[in-house]
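The structure under discussion appears below in the form of structure tokens.
The values are calculated or read from the model by the stated rules, or taken from the named source; none is laboratory data. Fair warning: this is a prediction, and the values are worked out from it, not measured in the lab. Glycine gets a Cβ as well: all are built from the backbone with ideal geometry, and neighbour counts include every protein chain shown. Note: areas computed on protein heavy atoms with side chains; ligands, DNA, RNA excluded. Shrake-Rupley method; radii C 1.70, N 1.55, O 1.52, S 1.80 Å.
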Amino acid sequence: MVTRRNIILGIGGTLALVGAGTAWRVTQAPQRAYEPWKTMGGSNLDPRLDAFRHAILAPNPHNMQPWRIRLIGTDQAEISCDLDRRLPQTDPLDRQIVIGFGCFIELAGIAASRRGLRMEVDAFPDGAGEPRLDSRPVARLRFVAQPGLAADPLAAVIRDRRSAKVPYDLARPVTAENLAILGGAASDRIRFEHTRSENEVRALRDLASAAFALEFNTPRVLGESIDVLRVGSREIDASPDGIPLSGPFFEALSLLGADKVREGARDPQASSTKDQVDKYRKMFEATPGFVWLTGLGNSRGHQLAAGRSYVRLNLLATQLGLGLHPVSQALQEYPEMAALFAESRRLCRVGPDETLQMLARLGYANPVPPTPRWPLEAKLIRA
């Protein structure tokens, strides 16, 4: 089994053998993987494609980017799921994948408003797959010209939106005024709530840490994350999805072979795994507050609505200079997580007919870079 110590020793040997060439290689950074964050549509671009260039930047579970986009006629599109990009271990009912589609659809609608278009959404027009998604469309979208339609103010920060997976400033609590603004992300199907006391914050910090550790110590569940690790700039550029590992350390590791890195990471007892659990525990401790979205039901429509609300919440936080980080481990619906799943409902005051759809850390944080994305062209279904 590859351990962190063996990897580090191997890196030293590799550096000694390859020399100056390696010094250049380990300072490389991915390039193509971040181009979608820079690509801007022109006024002559099909407005649907312009909307989808923004929508592909949506937050989504494990960054799997399961979108399949088919243009219909001159003003419609059909969105479906790439079924190979689901997460059967951590998301066995595809609830979180559907939330990701809600984020995608909302970003498309926000971006379309810049071109004076209202986006009509027909969700699951041919029915919804239960308990798993199937090949039927998630949504059919129609882009309708509406003279005088003002651009959604959130459109201006789509490309600045991030999931801030870093420690937050405990000395800067989020004000009641800003929490009220964030509450604007709620809808008729989704309720916005937040922690109201230090006791609640401490309890949710402990919950997040316990759920993260449980996931890392459940081999079949951990393996689902390991399978989508992208190690080093070449692998990230070649497959700009999943969980990227970049920077000089991981560039050096990639010289030994990304598969060896993934093999070592599968061991729950490896020091590198324990280091990761400890890193996240410390990050969760540096959380001044939590927010969450409660669905007034748990139909596919409620899940889609949760995604639409969540991405608006993320954009509102961006406007306010706040960091937002979804912590979804305790909300996952596999058997080993059942006790913490029930505890998350209790702590977040979820009623018997309601569903805790999203839970997130909130606070002030240093800027973080974007995550890799496939270009729009890779997600289009050609006739």
Subject >> Hits in region 67-82 - residues which are closer than 13 Å to I97 by Cβ and assigned to a loop (DSSP other than H, G, I, E, B) >> reply: D82
**OP:** Select from region 314-334 the residues that are β-branched (V, I, T) and farther than 20 Å from V221 by Cβ and list them in ascending order.
**Re:** T318
**OP:** State whether one or more residues within region 206-221 are closer than 30 Å to E35 by Cβ and charged (D, E, K, R).
**Re:** no
Original post:
In region 254-264, is there at least one residue being without any contact (Cβ under 8 Å) to a residue 24 or more places away in the chain, small (G, A, S), open to solvent by less than 50 Å² (accessible area, probe 1.4 Å) and assigned to a helix (DSSP H, G or I)?
Top reply: yes
**OP:** Would you confirm whether any residue within region 107-116 is open to solvent by less than 10 Å² (accessible area, probe 1.4 Å) and part of a strand (DSSP E or B)?
**Re:** no
Original post:
Could you list, in sequence order, the residues of region 262-287 that are touching a Lys or Arg at 6+ places or on another chain (Cβ under 8 Å) and modelled with pLDDT of 85 or more?
Top reply: D275, M283, F284, E285, T287
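Which of the residues spanning region 281-300 are touching a strand residue (DSSP E or B) at 6+ places or on another chain (Cβ under 9 Å) and open to solvent by 20 Å² or more (accessible area, probe 1.4 Å)?
P288, L296, N298 - these are the residues of region 281-300 that are touching a strand residue (DSSP E or B) at 6+ places or on another chain (Cβ under 9 Å) and open to solvent by 20 Å² or more (accessible area, probe 1.4 Å).
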Subject >> Search result, residues across region 171-194 that are in contact with a Pro (Cβ under 9 Å, 6 or more places away or on another chain) and either free of Cβ contacts under 8 Å to residues at least 12 places away in the same chain or of a type in the set (S, T, Y) (or both) >> reply: A171
Original post:
Filter region 332-355 for residues that are aliphatic (A, V, I, L, M) and out of contact with any strand residue (DSSP E or B) (no Cβ under 6 Å at 6 or more places or on another chain); which is surrounded by the most Cβ atoms within 10 Å (Cβ to Cβ)?
Top reply: M337
Original post:
For region 61-84, how many residues meet the condition of being closer than 16 Å to P375 by Cα and within 16 Å of the chain's Cα centre (by Cα)?
Top reply: 5
Original post:
Any residue in region 67-87 that is over 28 Å from L45 (Cα atoms) and either open to solvent by less than 10 Å² (accessible area, probe 1.4 Å) or of a type in the set (D, E) (or both)?
Top reply: yes
Original post:
Residues in region 178-192 that are over 20 Å from the mean Cα position of the chain (by Cα) and either acidic (D, E) or open to solvent by less than 40 Å² (accessible area, probe 1.4 Å) (or both): how many?
Top reply: 4
Original post:
For the subset of region 223-253 comprising residues that are hydroxyl-bearing (S, T, Y) and in contact with a helix residue (DSSP H, G or I) (Cβ under 8 Å, 6 or more places away or on another chain), which member is surrounded by the most Cβ atoms within 10 Å (Cβ to Cβ)?
Top reply: S233
Original post:
Within the group R382, R361, which residue is over 20 Å from the mean Cα position of the chain (by Cα) and not hydroxyl-bearing (S, T, Y)?
Top reply: R382
**OP:** Looking at (1) touching a helix residue (DSSP H, G or I) at 6+ places or on another chain (Cβ under 8 Å); (2) part of a loop (DSSP other than H, G, I, E, B); (3) open to solvent by less than 70 Å² (accessible area, probe 1.4 Å); (4) touching a residue at least 40 places away in the same chain (Cβ under 8 Å), find the lone condition where L149 falls short.
**Re:** (4)
Original post:
In region 127-145, what count of residues is obtained for those that are exposed (fewer than 12 other Cβ atoms within 10 Å of the Cβ) and free of Cβ contacts under 8 Å to residues at least 60 places away in the same chain?
Top reply: 4
Original post:
Considering only residues of region 17-33 that are in contact with a helix residue (DSSP H, G or I) (Cβ under 9 Å, 6 or more places away or on another chain) and open to solvent by 30 Å² or more (accessible area, probe 1.4 Å), which is modelled with the highest pLDDT?
Top reply: R32
**OP:** Scan region 88-98 for residues that are in a helix (DSSP H, G or I) and open to solvent by less than 10 Å² (accessible area, probe 1.4 Å) and jot them down.
**Re:** R95, I97, V98
**OP:** Scan (1) within 21 Å of N60 (Cα to Cα); (2) in contact with a strand residue (DSSP E or B) (Cβ under 9 Å, 6 or more places away or on another chain); (3) part of a loop (DSSP other than H, G, I, E, B) for the single condition Y168 breaks and write down its number.
**Re:** (1)
**OP:** Assess whether P47 counts as being touching a Cys at 6+ places or on another chain (Cβ under 7 Å), within 25 Å of D152 (Cβ to Cβ) and not β-branched (V, I, T).
**Re:** no
